[in-house]
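Chemist: There's a structure below that I have some questions on.
The values are calculated or read from the model by the stated rules, or taken from the named source; none is laboratory data. Predicted model, so just to flag it, every value in this text is computed and none were measured. Every residue, glycine as well, gets a Cβ built from its backbone with ideal geometry; the counts of neighbours run over all protein chains shown.
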4 protein chains.
Amino acid sequence: MNYQSAIYSKYLSNEKMVALVSDEALIERILKFEAALARTQQKLGIIPSSAAETIISTLAKTEIRPDDLAQGTMQHGIPVIALIGIVRDLLNEDSKSFLHYGVTSQDALDTAQVMIASEAITLLTRMLADFQNNLEKLDNAYGLTRCMARTRGQLAAPIIFGLRINSWLKPVQRQQQRIKELSTRVLKIQLGGAVGDLAFFKTNGKALTNELASQLGLASASSWHAQRDTLAEFGNWLAMCSSIAAKMGADVLIMSQNEIGEVEELNAGGGKSSTMPHKNNPVLSEALVAIARLNASLQSRMLEGLVHGGERDATAWILEWETIRQMMIYSATSLSHAVKISSEIKVHTDIMERTVATFMAKNQK
Amino acid sequence: MNYQSAIYSKYLSNEKMVALVSDEALIERILKFEAALARTQQKLGIIPSSAAETIISTLAKTEIRPDDLAQGTMQHGIPVIALIGIVRDLLNEDSKSFLHYGVTSQDALDTAQVMIASEAITLLTRMLADFQNNLEKLDNAYGLTRCMARTRGQLAAPIIFGLRINSWLKPVQRQQQRIKELSTRVLKIQLGGAVGDLAFFKTNGKALTNELASQLGLASASSWHAQRDTLAEFGNWLAMCSSIAAKMGADVLIMSQNEIGEVEELNAGGGKSSTMPHKNNPVLSEALVAIARLNASLQSRMLEGLVHGGERDATAWILEWETIRQMMIYSATSLSHAVKISSEIKVHTDIMERTVATFMAKNQK
Amino acid sequence: MNYQSAIYSKYLSNEKMVALVSDEALIERILKFEAALARTQQKLGIIPSSAAETIISTLAKTEIRPDDLAQGTMQHGIPVIALIGIVRDLLNEDSKSFLHYGVTSQDALDTAQVMIASEAITLLTRMLADFQNNLEKLDNAYGLTRCMARTRGQLAAPIIFGLRINSWLKPVQRQQQRIKELSTRVLKIQLGGAVGDLAFFKTNGKALTNELASQLGLASASSWHAQRDTLAEFGNWLAMCSSIAAKMGADVLIMSQNEIGEVEELNAGGGKSSTMPHKNNPVLSEALVAIARLNASLQSRMLEGLVHGGERDATAWILEWETIRQMMIYSATSLSHAVKISSEIKVHTDIMERTVATFMAKNQK
Amino acid sequence: MNYQSAIYSKYLSNEKMVALVSDEALIERILKFEAALARTQQKLGIIPSSAAETIISTLAKTEIRPDDLAQGTMQHGIPVIALIGIVRDLLNEDSKSFLHYGVTSQDALDTAQVMIASEAITLLTRMLADFQNNLEKLDNAYGLTRCMARTRGQLAAPIIFGLRINSWLKPVQRQQQRIKELSTRVLKIQLGGAVGDLAFFKTNGKALTNELASQLGLASASSWHAQRDTLAEFGNWLAMCSSIAAKMGADVLIMSQNEIGEVEELNAGGGKSSTMPHKNNPVLSEALVAIARLNASLQSRMLEGLVHGGERDATAWILEWETIRQMMIYSATSLSHAVKISSEIKVHTDIMERTVATFMAKNQK
């Protein structure tokens, strides 16, 4: 995920999700984590109140650009050290040592990532709801139209178009159910300190975790530095968002072929060719199918990310860094295209019915 | 999944799961589906009672070998047609037309697959329970031993060994929770008829589905011929079984290096070399890591399997055929190896503690 | 690759290739390696002549079944130790210690694998030649027929059918060129001894390698135990065999849709449905597309197999074991289906031309 | 490839390659293609000389930002239409219709992509040469030092360190050989017109192709719009660049563990922890291993890209768009890190030799 194409920023990406997962958003969440940490440690008497106030007010006005972290990330293999260094340089001597107090880079980075996931889930579930809503409308409008089922590439028998719409709709409903279940496992704080046991805080560790989680609106949890299964199940959910949208895309590609002509992807007309003005290309559906394959291939990396050696293993962890943000972008792109198609698709009910009639005449005597 | 290696049948496979997912098991489940279908249709008065009895008794004594289906599967792209053909040839004229009455090949194949998945889940959750139990014992025995945390390949700080054991245990517990949630979506009947709408049965479709599901011990459901998301979430769960076992495998590989020497994979000694008799190779842990990567790569296919064109699409469906059985085998292999290691691992607490002492002496002054 | 489906043995597998890559074939190649090793060591005076003769004659009559190796493979993480153990038990005291003299399990296993690859290449290049030949005939017969180009799922402009055939043919020709280049790197002996330096043989190592390679019909090479790049390039070639066949498959699936009707997959008719007798399913083309995706996903493992720690690393090596044989099978299956389709496809030139005429009438005025 | 992280721009990316594959570079190559096309068509008398001059001078001063193409790419599913539109608006009436004359978007996009590949190859082969050079120096300096071979995670037998260096070096040499072979197939012009047959140019097609190819420094070729095998073999080469570097990375990770201590990744010291100042993390080697896995997973998409329906198929083509640039970036990142490590690695020959001595004392008596 190292080159951002502006050219494809609308077709194969989604600007809302890009904003959510951006470097800037990540930095902001890390700063928010550090501020909430100081506030909680102040509350629990772990750090001096004045140091906490200084840290919190300094964090609030610290501006860090992604570029500022590039060299430090190269050197230390993680961006948090450079980020903390920048903030620390802005603090007075009395508060310096109480910044990022007793926690580790991974605490900040993982929790920031979870905060981003939480917002991403809000965006994606809203998109799923819109998609579902459009499909229900589509079903109301055209669900009873007779059309030909196609099995294994061949005309099979008449169905109602609502049956096909249903095959787009049902998985959307299940995705909504799944994310409710997953969220209880995914949206939790990461707090373990250097090696995961919060030993630094002695008996205060548990209280600190609970209170900080509460401040950040996340579930409390013991450290999961080397337990990456919850992110992998979230990754699979993301990939399924693309895949279920691609089922509709695949159907639109079939139905919109000229000789079949049952639908056009968009009422307003599709993509043009540089040489063939008559073309009406279903370019969003093509993207849906392609993105589903791209996202599917990414999930294999999330699953490999669980093969984690020791208490922290960047050979595994980097797989997530390079994957999870991209998966969120792909999922949002897919759902956004799916919402558009399901809202604007042009259905030729006359052709659907004519094809049924022709088929029946030929196959029934 | 087209060549079965007997050589690797214990090391990279699992005989219990192979039996569950075998061709023979698949055929048996399809025959069971057809028998339950006839019984249900008899009960609901859809087919003549005598035809049902003939069909059921004939199915009970029909023996079909996998080889018998190879040619027909090649010709029709699905094994069910040949299988039904064999049974039909054994029936009398009065019952012939009531076999597989009003249903389609995919109904039989998908439901058989789900029946197999149900048994596979029973086996795998039992293995997870054994693994969990072993880890709890290990924690009781050695959990308080001090050892060095390793982060990013380097000695970090002392922890207790229980913290590392915990990173193996927690994901196992979550797997148990996940499968409960998933099962409600996965373990359901497939019944749609030719094109998914059970039109053949007119108003009887719903009753038939409910009753047949009940007979087969599955949830009732409308047809999901072209909705493959539930299998994809099951696939991800399978891959996670391997991945969480491989976390322990990766740790054993690190800890059992000669210079580190904190554990030996098996009390009884490990793999030997053909030339180096002193070797004590942690060969199960190696397999765990490799299998996790293999299973992870397979999940990308299950997710692609959702990109399904029309009402039945073998370009997508075949991806499942070639993947889901293999994933079940890999998951069982991983858990079986994990159960063995967690039961028989040799822990050198003296070395763990000595390494901590050496580290402390060097890094604290 | 742990369950062999007899059901799908013709549709998604290839019996000739299965025979080539079978456990039995692997055992035979290992035995052949050991015999050639003894002969060469005899010739170079490395082992006593009488011991060599005993070893060679014993190997010639040793029968080892794959099952015999399962337990030993589980224990040692490699089949060769058990295999050598069986042979050694058949030898007299004077020859025992000269079996597998100074070499390591990986030498035998890798060289056996290369011998199999060599035969697989012969089979696959013959299939490529048949495929090419059929395509040339097809081009001769129908190449000048006018048909519609389809771009992005839509009718584009008239072409000659020969242009599409050419898009199937050209990659086949390039595959033939590639395999000539690759073979010089792939088809080489593995001989390194315990740790890759043939130190055991002192100054004789180089001569032994050259002579043994010559005996086995392979190129000589220094040990590549931990250098797996040549197998990964072979893997990519295998995957490309499936992918180029799938290009034709994808086209047949489009052209054979009922409303399009330009071709039927097979002159003799396609797959049937269990409920819809009118169906004529292009089931080989479906398999081509699916297998290409399956094989493509496998190549990612071969590339991961290069990430090899130390002088031998089974976490990487196992990836090959579980992949390369399956890839050979998939490639042979694809080419076999492609040969059949390209030989038996039914081309409806009248429909092709009619569609062009309709299009021209509509888009030109 | 839809979000560019500045944070990870040095650690998991490579700025030189990012510049080569940037949107800006792509636009520049497309403009260059169009200019060379006009020049060639002028030379062959296909378009009026004055129109050609106007087009060429206009292209030379046209400035197009990637953002300018985002909306058009969304609408048409390809950036070239919007780009041509912008240029056309700058042309006078006499030349407008001779811009992009008789060619198609894919001609411009594919040829631009090949031009980028050509420059990428130059950069990467230079990096390979530097890597090779460093390894040869390393071998000169330390090749004869005795160290322990490690097989299957365990100490095996003494070797010289040069043997391990050799396992890093040999694949680099083979990569250089491979790219020479591949380049003859990859670095070729794409020119087919709307549907691949250059029908627009009647008898001039061949001459136009040859001359334009010559102008652009590429090989001449008939259209390969739907033949994507050459890019897939290039993709595999790119993935192998990362994988062979990761072999060294994996070895450094093993050798630099504290208890082993044979090397440190960088003379100057490695990555630090935010909480553990004693840490010396081999962060480049970690990145090498992770990137190899990332790049390996991407190659599966390139291979899927061959499954191309009809004469142009964006469901396949998009897979390349989202992959090939990222693969080039990953390969350059890997080689850059590998060059740095191989130049700056700190080798503790004393520890290597001491470990050998300890091993020998223990295992020989």
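Chemist: Cβ-Cβ under 7 Å, sequence separation 6+ or interchain: first residue in region D:4-21 and in contact (Cβ under 8 Å) with a residue 40 or more places away in the chain, partner part of a loop (DSSP other than H, G, I, E, B). Which pairs?
Modeler: Within 7 Å, the pairs are D:Tyr11/A:Gly77; D:Leu12/A:Asn2; D:Leu12/A:Glu322; D:Ser13/A:Asn2; D:Val18/A:Asn2; D:Val18/A:Tyr3; D:Val21/A:Tyr3.
Chemist: Still on this structure: Here is a check on your reading of the model: is B:Gln132 closer than 28 Å to B:Gly305 by Cα and at pLDDT 95 or above?
Modeler: Judged against the criteria, B:Gln132 is not a match.
Chemist: Tell me whether region B:204-215 contains one or more residues that are in contact with an Asp or Glu (Cβ under 9 Å, 6 or more places away or on another chain), part of a helix (DSSP H, G or I) and either crowded, with 24+ Cβ neighbours inside 10 Å or free of Cβ contacts under 8 Å to residues at least 60 places away in the same chain (or both).
Modeler: yes
Chemist: If you don't mind, another one. Based on what the data block shows, is B:Thr209 touching a helix residue (DSSP H, G or I) at 6+ places or on another chain (Cβ under 6 Å) and of a type in the set (Ser, Thr, Tyr)?
Modeler: no
Chemist: Considering only region A:6-32, state which residues are hydrophobic (A, V, I, L, M, F, W, C) and within 13 Å of chain D (Cβ to nearest Cβ).
Modeler: A:Ala6, A:Ile7, A:Leu12, A:Met17, A:Val18, A:Ala19, A:Leu20, A:Val21, A:Ala25, A:Leu26, A:Ile27, A:Ile30 - these are the residues of region A:6-32 that are hydrophobic (A, V, I, L, M, F, W, C) and within 13 Å of chain D (Cβ to nearest Cβ).
Chemist: Would you please name the residue that is nearest to C:His278 (Cα to Cα), looking only at residues in region B:181-203 that are at the interface with chain A (Cβ under 10 Å from one of its Cβ atoms) and free of Cβ contacts under 8 Å to residues at least 24 places away in the same chain?
Modeler: B:Ala199
Chemist: From B:Glu259, B:Glu211, grab the single residue that is farther than 30 Å from B:Arg164 by Cβ, more than 8 Å from chain A (Cβ to nearest Cβ) and among the acidic types (Asp, Glu).
Modeler: Selected residue: B:Glu211, the only one of B:Glu259, B:Glu211 that is farther than 30 Å from B:Arg164 by Cβ, more than 8 Å from chain A (Cβ to nearest Cβ) and among the acidic types (Asp, Glu).
Chemist: Across region B:265-299, which residue is farthest from the chain's Cα centre (by Cα) among those that are among the basic types (Lys, Arg) and at the interface with chain C (Cβ under 7 Å from one of its Cβ atoms)?
Modeler: B:Lys272
Chemist: Please go through region A:63-77 and give me each residue that is among the aliphatic types (A, V, I, L, M) and either more than 7 Å from chain D (Cβ to nearest Cβ) or surrounded by fewer than 19 Cβ atoms within 10 Å (Cβ to Cβ) (or both), ordered by number.
Modeler: Across region A:63-77, the qualifying residue is only A:Ile64.
Chemist: Can you pull out the residues in region D:329-340 that are surrounded by 24 or more Cβ atoms within 10 Å (Cβ to Cβ) and over 17 Å from D:Leu20 (Cβ atoms)?
Modeler: Once the filter is applied, which keeps residues that are surrounded by 24 or more Cβ atoms within 10 Å (Cβ to Cβ) and over 17 Å from D:Leu20 (Cβ atoms), region D:329-340 yields D:His337, D:Ala338.
Chemist: Still on this structure: Among the residues that make up region D:119-135, is at least one of them within 21 Å of C:Ala221 (Cα to Cα) and surrounded by fewer than 22 Cβ atoms within 10 Å (Cβ to Cβ)?
Modeler: Checked region D:119-135: at least one residue is within 21 Å of C:Ala221 (Cα to Cα) and surrounded by fewer than 22 Cβ atoms within 10 Å (Cβ to Cβ).
Chemist: Which of the residues spanning region D:314-323 are closer than 20 Å to C:Gly249 by Cα, facing another protein chain (nearest Cβ under 7 Å) and in contact (Cβ under 8 Å) with a residue 60 or more places away in the chain?
Modeler: Across region D:314-323, the qualifying residue is only D:Ala314.
Chemist: Could I ask something else about it? Could you please let me know if B:Gly143 is modelled with pLDDT under 95 and within 14 Å of chain A (Cβ to nearest Cβ)?
Modeler: Judged against the criteria, B:Gly143 is not a match.
Okay, residues lined up against (1) more than 18 Å from B:Asp130 (Cα to Cα); (2) surrounded by fewer than 21 Cβ atoms within 10 Å (Cβ to Cβ):
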site: B:Pro158; (1), (2): yes, yes
site: B:Leu169; (1), (2): no, no
site: B:Gln175; (1), (2): no, no
site: B:Glu181; (1), (2): yes, yes
site: B:Gln190; (1), (2): yes, no
site: B:Ala194; (1), (2): yes, no
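Chemist: Considering only region D:34-60, how many residues are touching a residue at least 60 places away in the same chain (Cβ under 8 Å) and either within 13 Å of chain A (Cβ to nearest Cβ) or surrounded by fewer than 21 Cβ atoms within 10 Å (Cβ to Cβ) (or both)?
Modeler: Of the residues in region D:34-60, 6 are touching a residue at least 60 places away in the same chain (Cβ under 8 Å) and either within 13 Å of chain A (Cβ to nearest Cβ) or surrounded by fewer than 21 Cβ atoms within 10 Å (Cβ to Cβ) (or both).
Chemist: Sort out for me the helices (runs of 4 or more DSSP H) sitting completely within region D:272-365 that have 2 or more residues that are under 27 Å from A:Leu83 (Cα atoms).
Modeler: D:283-304, D:324-344
Chemist: Considering region C:146-180 alone, what residues qualify as being outside any strand (DSSP E or B), facing chain D (nearest Cβ under 9 Å) and either under 18 Å from the mean Cα position of the chain (by Cα) or farther than 19 Å from D:Arg228 by Cα (or both)?
Modeler: The answer is C:Pro171, C:Arg174, C:Gln175, C:Gln177, C:Arg178.
Chemist: Looking for something of a type in the set (A, V, I, L, M, F, W, C), closer than 30 Å to A:Glu265 by Cα and modelled with pLDDT of 95 or more - is there at least one such residue anywhere in region A:173-183?
Modeler: Yes, region A:173-183 contains a residue that is of a type in the set (A, V, I, L, M, F, W, C), closer than 30 Å to A:Glu265 by Cα and modelled with pLDDT of 95 or more.
Chemist: Still on this structure: Please work out which residue is farthest from A:Val356 (Cα to Cα), limiting yourself to region A:250-271 and to residues that are touching a residue at least 60 places away in the same chain (Cβ under 8 Å) and part of a strand (DSSP E or B).
Modeler: Looking at residues that are touching a residue at least 60 places away in the same chain (Cβ under 8 Å) and part of a strand (DSSP E or B), I get A:Glu264.
Chemist: State whether the residues of region A:295-306 include one that is of a type in the set (D, E, K, R) and closer than 30 Å to B:Leu288 by Cα.
Modeler: Yes, because at least one residue in region A:295-306 is of a type in the set (D, E, K, R) and closer than 30 Å to B:Leu288 by Cα.
Chemist: Go through region A:335-359 residue by residue and tally those that are away from every other protein chain (no Cβ under 11 Å) and not charged (D, E, K, R).
Modeler: Residues in region A:335-359 being away from every other protein chain (no Cβ under 11 Å) and not charged (D, E, K, R): 13 in total.
Chemist: If you check B:Ser223 against the conditions, is it of a type outside the set (A, V, I, L, M, F, W, C), assigned to a helix (DSSP H, G or I) and surrounded by 24 or more Cβ atoms within 10 Å (Cβ to Cβ)?
Modeler: So B:Ser223 does not fit the description; no.
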